[in-house]
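Chemist: The following block contains the structure, expressed as structure tokens.
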Amino acid sequence: MIRIGLLTSGGDCQALNATMRGIVKTLFHNVKDGIEIYGFEDGYQGLIYGRYREMSYGDFSGVLTRGGTILGTSRTPFKLLDTPGEDGIEKVPAMLHTYHKLNLDCLFVLGGNGSTKTANRLREEGLNVIALPKTIDNDTYGTDITFGFTSAIDIATKCIDDIHTTANSHRRVFVIEIMGHKVGWIPLYAGVAGGADVILIPEIPYDMDNVIKAIEARDSNGGRFAIIAVAEGAISKEEAAMKKKEYKKKVAARVKPSVVYDIAEEIAARTDREVRVAIPGHTQRGGQPDAMDRIFATQCGVEAAKACMDGKFGIMIAQVAGKMCHVPLEDVAGKLKYVDPDGDLVREAKALGISFGDE
């Protein structure tokens, strides 16, 4: 008999259920003595407060195409892990207690960077933990791809696609905010796929003079409209030169909801063009997982289950150079995977005439 725990932590995405299905189906068909499954509700909160339910094989039937998470999720900031909450509960001891109370053989954690850091902390405390790389941002270090990423690209790309017709009809410039607070993988891929004229991402600080030049160049070449794909965390060259505290203070003092409004306002003032802002927002996390996410999520689930059966813990499931593999949790926890400003897709986008505002 193998006893496992499942939890989904951090922001939701489209392929969480598909991943859990992969774990459970693989164990069910390969463990002769049977399995007991405990699903923790709302991420690490369920592990802390003992909110869980015993689950059956049937609970994972029909969830391959279902977005979100059947267990619910929440954010439990790693930096507050050793700070008791208002209720006085000490989080780490509480999680250890719940794990041992259920006599678990393995805890599967589906989460992004913060969740992986907590998973590594639990590994350090002696628990058998296997992490699986979940995030639409694709910024988890140690893996080429994360589940949730390709679905988010599809949604962001469709938003850009749909904006084209209205932008063309009215000769407008559209500034579209795409998710990506610290990294720019989604706006980069969606921007290229959707035919954006300018892509602004955190890894490549922009100069508004260059953004304006790109819009004017498109206008002089007969373009009726322009599409600017902007990451939530896009940063100007002036801002990039600031000290971290100074930049945070500037962001905190921002009156408008996000940087896209400032960019749109400056474009309107400097080009005399009609400018609009579009924000797909959390739709990028929603809906069904696309085919690629279903496949990768299933691969992650299968490989995680196999690792559990082989007694391999303290790892994250990853894909590197097209091959599924294990990476030690301590090697990836707390690290981000950034877009390479000199990477292939950036260079190819620039060759197409797409501006990143840096030159």
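The values are calculated or read from the model by the stated rules, or taken from the named source; none is laboratory data. Bear in mind that the values here come from a model prediction, so they are computed numbers and not experimental data. Every residue, glycine among them, receives a Cβ derived from its backbone with ideal geometry; neighbour counts consider all protein chains shown. Note: accessible area is taken over every heavy atom of the protein model, side chains too, but ligands, DNA and RNA are not part of it. Shrake-Rupley method; radii C 1.70, N 1.55, O 1.52, S 1.80 Å.
Chemist: What pairs come up if the first residue lies in the stretch 163-178 and is free of Cβ contacts under 8 Å to residues at least 12 places away in the same chain, the second is open to solvent by 20 Å² or more (accessible area, probe 1.4 Å), and their beta carbons are under 8 Å apart, counting only those six or more places apart or on different chains?
Modeler: Thr166/Arg172
Chemist: Name, by its number, the condition in (1) free of Cβ contacts under 8 Å to residues at least 40 places away in the same chain; (2) more than 19 Å from Ile354 (Cα to Cα); (3) under 23 Å from the mean Cα position of the chain (by Cα) that does not hold for Lys158.
Modeler: Condition not satisfied by Lys158: (2).
Chemist: Now, a different point. Please pick out the residue among Asp344, Asp331, Asp290 that is among the acidic types (Asp, Glu), within 23 Å of the chain's Cα centre (by Cα) and farther than 30 Å from Leu27 by Cα.
Modeler: Values: Asp331 fails: farther than 30 Å from Leu27 by Cα; Asp290 fails: farther than 30 Å from Leu27 by Cα.
One residue alone meets the criteria, Asp344.
Chemist: Conditions first: (1) open to solvent by 20 Å² or more (accessible area, probe 1.4 Å); (2) in a loop (DSSP other than H, G, I, E, B). Ala196 passes all but one, so which condition is the exception?
Modeler: (1)
Chemist: While we're here: I'd like the full set of residues that are open to solvent by 60 Å² or more (accessible area, probe 1.4 Å) and under 23 Å from Gln288 (Cβ atoms), limited to the stretch 43-70.
Modeler: If the condition is that a residue be open to solvent by 60 Å² or more (accessible area, probe 1.4 Å) and under 23 Å from Gln288 (Cβ atoms), then Tyr57, Asp59, Ser61, Gly62, Arg66 are the ones that fit.
Chemist: Turning to a different aspect of this structure: Could you check the stretch 207-325 for strands (runs of 3 or more DSSP E) lying wholly inside it with 3 or more residues that are surrounded by 17 or more Cβ atoms within 10 Å (Cβ to Cβ), in contact with a Pro (Cβ under 6 Å, 6 or more places away or on another chain) and among the hydrophobic types (A, V, I, L, M, F, W, C)? Lay out the reasoning, then the answer.
Modeler: On the way: elements: 226-231, 275-278, 315-320.
Hits in the stretch 207-325: none.
Chemist: Can you tell me which residues in the stretch 90-103 are among the hydrophobic types (A, V, I, L, M, F, W, C) and surrounded by 19 or more Cβ atoms within 10 Å (Cβ to Cβ)? Let's see the steps before the verdict.
Modeler: So in the stretch 90-103, the residues among the hydrophobic types (A, V, I, L, M, F, W, C) come out as 92, 94-96, 102.
Scanning the stretch 90-103 gives Met95, Leu102.
Chemist: Does any residue of the stretch 173-187 turn out to be surrounded by fewer than 23 Cβ atoms within 10 Å (Cβ to Cβ), assigned to a helix (DSSP H, G or I) and at pLDDT 95 or above?
Modeler: no
Chemist: Enumerate the pairs (first residue in the stretch 24-45 and at positive phi; second residue anywhere and hydrophobic (A, V, I, L, M, F, W, C)) with beta-carbon separation below 7 Å, excluding pairs fewer than 6 apart on the same chain, so at least 6 apart or on different chains.
Modeler: Pairs found: Gly34/Met1; Gly43/Leu7.
Chemist: Moving on to the next point. Let me confirm something: among Asp33, Asp87, Asp12, Asp82, which residue is part of a loop (DSSP other than H, G, I, E, B) and open to solvent by less than 60 Å² (accessible area, probe 1.4 Å)?
Modeler: Numbers: Asp33 fails: open to solvent by less than 60 Å² (accessible area, probe 1.4 Å); Asp87 fails: open to solvent by less than 60 Å² (accessible area, probe 1.4 Å); Asp82 fails: open to solvent by less than 60 Å² (accessible area, probe 1.4 Å).
From the options Asp33, Asp87, Asp12, Asp82, the qualifying one is Asp12.
Chemist: Oh, and also: What number of residues within the stretch 139-167 satisfy the criterion of being farther than 13 Å from Gly195 by Cα, in a helix (DSSP H, G or I) and among the polar types (S, T, N, Q)?
Modeler: Adding up the residues that qualify gives 3.
Chemist: Quick one: which residue in Arg121, Arg75 is of a type in the set (Lys, Arg), open to solvent by 20 Å² or more (accessible area, probe 1.4 Å) and part of a loop (DSSP other than H, G, I, E, B)?
Modeler: Values: Arg121 fails: part of a loop (DSSP other than H, G, I, E, B).
Being of a type in the set (Lys, Arg), open to solvent by 20 Å² or more (accessible area, probe 1.4 Å) and part of a loop (DSSP other than H, G, I, E, B) holds for just one of Arg121, Arg75, which is Arg75.
Listed here are the residues, each with its yes/no results for (1) of a type outside the set (A, V, I, L, M, F, W, C); (2) over 18 Å from Ile153 (Cα atoms).
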position	(1), (2)
Asp293	yes, no
Glu303	yes, yes
Ala307	no, yes
Phe313	no, yes
Cys325	no, yes
Asp331	yes, yes
Val339	no, no
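Chemist: Looking at the stretch 91-103, is at least one residue aliphatic (A, V, I, L, M), within 13 Å of Gln45 (Cβ to Cβ) and free of Cβ contacts under 8 Å to residues at least 24 places away in the same chain? First the steps, then the outcome.
Modeler: Within the stretch 91-103, the first condition is being aliphatic (A, V, I, L, M), and the residues that meet it are 92, 94-96, 102.
Subset that is within 13 Å of Gln45 (Cβ to Cβ): 94-95.
Right, trim to free of Cβ contacts under 8 Å to residues at least 24 places away in the same chain and you get none.
No, because not a single residue in the stretch 91-103 is aliphatic (A, V, I, L, M), within 13 Å of Gln45 (Cβ to Cβ) and free of Cβ contacts under 8 Å to residues at least 24 places away in the same chain.
The rows are residues; the columns are (1) farther than 12 Å from Phe108 by Cα; (2) among the hydroxyl-bearing types (Ser, Thr, Tyr); (3) within 25 Å of the chain's Cα centre (by Cα).
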residue	(1), (2), (3)
Gly11	yes, no, yes
Ala15	yes, no, yes
Asp33	yes, no, no
Tyr44	no, yes, yes
Gly50	yes, no, no
